[in-house]
Amino acid sequence: MIRSLLSAVLALIFVVSGFSQSYFEDGLSANFHKERRQALRELMPKNSIAVIFTNPTKNRSNDVDFIFHPNTDFFYLTGFREPNSVLVIFSEVRNFDSFSSNEILYVQPRDPRAEQWNGKRLGVDGVKEKLGFEQVFLNEEFGKTPVLNIQESEKILSFNLGKTQEESSANAPLISMIGKFKTETQYPKELSEVTMEMYELIRATEVGNSANVAQVIGRYQRTYPEVEKDPILSDFVKADSPEKRMAIKQNIPDSKLDITSLPKMMDQLREVKTAEEIALLKKAVKISAVGQIEVMKAAKVGMSEREIQGIHEFIYKRYGAEGLGYPSIVGAGNNGCILHYIENDLTNVDQRLLLMDLGAEWRGYTADVTRTIPISGKFNEEEKAIYELVYKAQEAGIALCKVGTDFSEIGQVTRQIINEGLADLGIIKRGERHNYFPHGTSHHLGLDVHDRGGYGSLKEGVVLTVEPGIYIPEGSNCDEKWWGIAVRIEDDILVTSNGPVNLSEDAPRTVEAIEQMMRIPSILQNWALPEID
Ligand code: GLY
Ligand code: MN
Ligand code: MN
């Protein structure tokens with residue numbers, strides 16, 4: 001990294017922020033984002049305003065920040081990838097002194113010196129031209145009346161901003177905008193999203209259902225300490241008559257601010273992917289499948305987990321993917337039992353089973369593909385038995401990815417197959433509770449690896465993972481021959497009116513197909529690097 005003396009002196013100005021291009025030339029079209037904003041507007045209540053901040057820049061250490069990643073709701077609605085920006089959407093066109101509009105985007109200014117260090121900024125004019133917004137202002141204008149126009153709105157929709165902290169000096173403009181927003185909306189200082197949700201529940205409570213609402217809040221108290229500590233909520237739960245509960249309801253502060261509806265609206269919008277999104281997801285997944293294929297050819301005894309991770313990630317870069325959807329998981333043997341193992345620091349994978357869960361990010365969309373392979377090139381008897389059980393469960397799960405299936409059914413069916421199979425193998429007793437499959441089977445996939453979406457019945461255009469697994473750590477209460485076996489198989493499935501489409505089918509998945517691919521020589525075989533002490 002270049003770091004001149006001058007930059008050291010001007011460290012505060014020239015923070016090394018991992019800034020990337022403002023928008024994707026070959027990603028979603030400006031029209032996509034415009035249509036999605038209109039779709040959101042149609043879900044918003046009358047005379048409401050939605051305020052959507054992008055993410056803060058996160059500090060890595062000293063004057064180096066992590067590569068900036070926009071907030072995915074903000075990106076979905078704008079296509080803009082620069083920090084320190086906020087989108088304001090009005091449910092209807094509002095008239096201001098010098099313009100009328102139903103949306104405004106606030107962005108950081110052009111700055112030749114900052115751009116020399118950290119990359120080009122679009123600025124107000126660039127955003128208008130490239131992203132198709134008509135009303136674009138500098139972020140310092142945010143909150144100046146009448147532009148924000150909050151007070152004239154009946155509802156102010158936003159997200160939980162309680163946790164946004166100034167982690168890097170590069171965030172100053174964002175923090176300033178959030179501060180203005182909080183002041184204008186009297187944003188509760190220490191109120192969490194779940195506490196506000198409970199308040200909203202109580203606001204809607206009638207005498208007849210107050211006991212049920214108290215029960216619901218009581219359940220939340222067990223999981224969320226902030227709900228337990230809140231005096232109004234705990235009084236409500238403790239109250240022993242509807243009359244007392246209705247009296248406590250009067251203590252809930254009135255608020256125009258609503259931070260629970262917008263996340264639900266975004267879930268609804270982002271759950272079903274458009275054709276443009278599906279094309280980008282397909283590319284991310286196909287690239288990730290090539291990574292799995294090349295590693296199947298190249299993996300051998302003596303390689304490190306990190307080296308294998310590097311082969312996957314090199315392939316992503318070779319195709320021009322901008323990054324990873326999540327930290328890569330490459331775990332050999334017992335390491336595979338750690339579900340989100342990201343250290344990847346075993347220096348020799350030896351003859352172990354290797355679990356590889358990785359996803360390229362292509363124009364904002366991420367894949368999430370897992371393959372488990374035997375480094376020896378051949379599954380042994382126990383590995384094969386576990387692998388084929390996971391495969392059987394996954395096949396049943398994939399077959400259920402049809403319009404109308406209930407999300408929970410996929411989990412139930414895969415779990416039942418695994419439970420029965422583990423009992424057949426003598427790893428558990430029939431009906432015994434166990435912890436060998438400790439995670440869910442499916443989640444939505446999109447701009448986030450665990451994407452927004454509802455968990456009711458599947459709709460056409462949904463993309464979800466199906467990823468059963470069995471993990472038997474060393475020391476488990478079963479025959480030692482099973483210890484250290486960890487298998488997850490994860491594919492990315494598009495739900496269509498003609499049934500499931502496996503977007504990651506290029507990556508071999510059966511025992512035979514994997515073993516066959518592992519017999520193919522890799523071009524990396526002859527790539528010798530000099531020894532370094
Ligand atoms: N890689 C995270 C997951 O599979 O959900
Ligand atoms: Mn995964
Ligand atoms: Mn997953």
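The values are calculated or read from the model by the stated rules, or taken from the named source; none is laboratory data. Note that the structure is predicted; figures quoted are calculated from it, not measured. Here the Cβ positions follow ideal geometry from the backbone for every residue, glycine too, while neighbour counts run over all protein chains shown. Heavy atoms of the whole protein, side chains included, go into the accessibility calculation; ligands, DNA and RNA do not. Shrake-Rupley method; radii C 1.70, N 1.55, O 1.52, S 1.80 Å.
Taking +1 at the Cβ of each Lys and Arg and -1 at the Cβ of each Asp and Glu, which of VAL88, ASN335, THR465 sits farthest along the dipole of the chain towards its positive end, judged by Cα position relative to the Cα centre?
Farthest towards the positive pole: VAL88.
How large are Rg and Dmax for segment 81-183 when only the alpha carbon atoms are used, in Å?
14.3, 44
Taking K and R as +1 and D and E as -1, what net charge do the other residues with C-beta under 15 Å from the C-beta of PHE137 add up to? Kindly include the intermediate steps, with their values, before the conclusion.
Values: positive: ARG94, ARG110, ARG121, LYS128, LYS144, LYS180; negative: GLU82, ASP97, GLU103, ASP125, GLU134, GLU140, GLU141.
That works out to -1.
Normalise the Cα radius of gyration of segment 420-494 by 2.2 N^0.38 Å (N = residues in it) and let me know the number. Spell out each step's value before the answer.
Working: Rg = 15.7 Å, N = 75, 2.2 N^0.38 = 11.3 Å.
Here the answer is 1.38, to two decimals.
What residues qualify as long-range amide H neighbours of LEU324, i.e. H under 5 Å apart, gap of 5 or more or another chain, H built at 1.01 Å from N?
Result for LEU324 returns GLU361.
For LEU339 paired with THR223, estimate the spin-label separation in nm (one decimal), with each label point 7 Å from Cα along the Cα-to-Cβ line.
If labels sit at LEU339 and THR223, their model points lie 1.4 nm apart.
May I ask you to derive the relative contact order of the chain, considering only C-alpha pairs under 8 Å and at least 6 residues apart, and to give it as an integer percent?
12 percent
Dipole of the chain, Cα-centred, from +1 at each Lys and Arg C-beta and -1 at each Asp and Glu C-beta, to the nearest 20 debye? The partial results should precede the final answer.
Numbers: 59 positive and 77 negative charges, 121 e Å.
The calculated dipole for the chain is roughly 580 debye.
Rounded to whole Hz and in sequence order, give me ³J(HN,Hα) for segment 496-506 from the Karplus expression 6.51 cos²θ - 1.76 cosθ + 1.60, θ = phi - 60°, writing x for Gly and Pro.
10, 5, 9, x, x, 10, 7, 5, 9, 5, 4
Amide H to amide H, which residues 5 or more places from HIS443 or on other chains are under 5 Å from it, using H placed in the peptide plane?
THR465
On average, how much accessible surface per residue is there in the chain, in Å², for a 1.4 Å probe, leaving out ligands, DNA and RNA?
Details: 24960 Å² over 533 residues.
Per residue, the chain has an accessible area of 47 Å².
Label points 7 Å out from Cα along the Cβ direction at ALA275 and GLU420: separation in nm?
4.2 nm
Can you pull the percent of the chain's accessible area that's carbon plus sulfur, 1.4 Å probe, other chains left in place?
Working: 12580 of 24960 Å².
Of the solvent-accessible surface of the chain, carbon and sulfur hold 50 percent.
Rounded if a/c is under 1.5, else prolate if a/b is larger than b/c, else oblate: which is the chain, with a ≥ b ≥ c the root eigenvalues of its Cα gyration tensor?
Details: a/c = 1.97, a/b = 1.30, b/c = 1.51.
The shape class here is oblate.
Using the eigenvalues of the Cα gyration tensor, what equivalent ellipsoid semi-axes result for segment 396-533 when each is taken as the square root of five times the eigenvalue, whole Å, largest first? List each step's numbers first, then the result.
Numbers: eigenvalues 175, 132, 41 Å².
Listed largest to smallest, the semi-axes of segment 396-533 are 30, 26, 14 Å.
About the Cα centre, and with charges only on the beta carbon of Lys, Arg (+1) and Asp, Glu (-1), how big is the dipole of segment 129-277? Nearest 20 debye, please.
Values: 19 positive and 26 negative charges, 92 e Å.
Approximately 440 debye in magnitude.
Here are some pairs, LYS128/LYS283; LYS155/LYS264; LYS283/LYS317; LYS189/LYS249; which of them have Cα atoms lying more than 18 Å apart in this structure? Walk me through the numbers on the way to the answer.
Numbers: LYS128/LYS283 28 Å; LYS155/LYS264 15 Å; LYS283/LYS317 13 Å; LYS189/LYS249 20 Å.
Long pairs (Cα-Cα over 18 Å): LYS128/LYS283; LYS189/LYS249.
Report the Stokes-Einstein translational diffusion coefficient (µm² s⁻¹, integer) for segment 259-381, Rh taken as the Kirkwood radius over Cα pairs, at 37 °C with viscosity 0.692 mPa s.
The Stokes-Einstein estimate is 213 µm²/s.
Using only the Cα atoms, what convex hull volume per residue in Å³ does segment 16-125 have?
Numbers: hull volume 13.1 nm³, N = 110.
Hull volume normalised by residue count: 119 Å³.
How large is ³J(HN,Hα), in whole Hz, for each residue of segment 301-315 in order, when computed from phi with the Karplus curve 6.51 cos²θ - 1.76 cosθ + 1.60 and θ = phi - 60°, using x for Gly and Pro?
Working through the residues one at a time gives 4, x, 6, 9, 4, 5, 5, 5, 4, x, 5, 4, 6, 5, 5 Hz.
Where does the charge balance sit around HIS69 when Lys and Arg score +1, Asp and Glu -1, over other residues with C-beta under 12 Å from its C-beta? It would help to have the intermediate numbers written out before the result.
On the way: positive: LYS58, ARG81; negative: ASP65, GLU82, GLU322, GLU361, ASP448.
Value of the local net charge: -3.
Each residue of segment 74-90 in order: what ³J(HN,Hα) in whole Hz does its phi give by Karplus 6.51 cos²θ - 1.76 cosθ + 1.60, θ = phi - 60°, with x for Gly and Pro?
4, 5, 4, 8, 10, x, 9, 10, 8, x, 6, 10, 8, 10, 10, 10, 9
If you place +1 on the Cβ of every Lys and Arg, -1 on the Cβ of every Asp and Glu, and leave all else neutral, what size is the dipole of segment 226-311 about its Cα centre, to the nearest 20 Debye?
Roughly 460 debye, rounded to the nearest 20.
Which net charge results when you count Lys and Arg as +1 and Asp and Glu as -1 among the other residues whose beta-carbon is under 9 Å from that of SER101? Write out the running numbers ahead of the final one.
Values: positive: ARG94; negative: GLU103, GLU134.
Residues close to SER101 contribute a combined charge of -1.
So how exposed is TRP117, as accessible area in Å² (1.4 Å probe, rounded to 10)?
So the heavy atoms of TRP117 present about 80 Å² to solvent.
When N counts the residues of segment 141-250, how does its alpha-carbon radius of gyration compare numerically with 2.2 N^0.38 Å, as a ratio? Show your work: numbers first, answer last.
On the way: Rg = 17.3 Å, N = 110, 2.2 N^0.38 = 13.1 Å.
Ratio of Cα Rg to 2.2 N^0.38 Å: 1.32.
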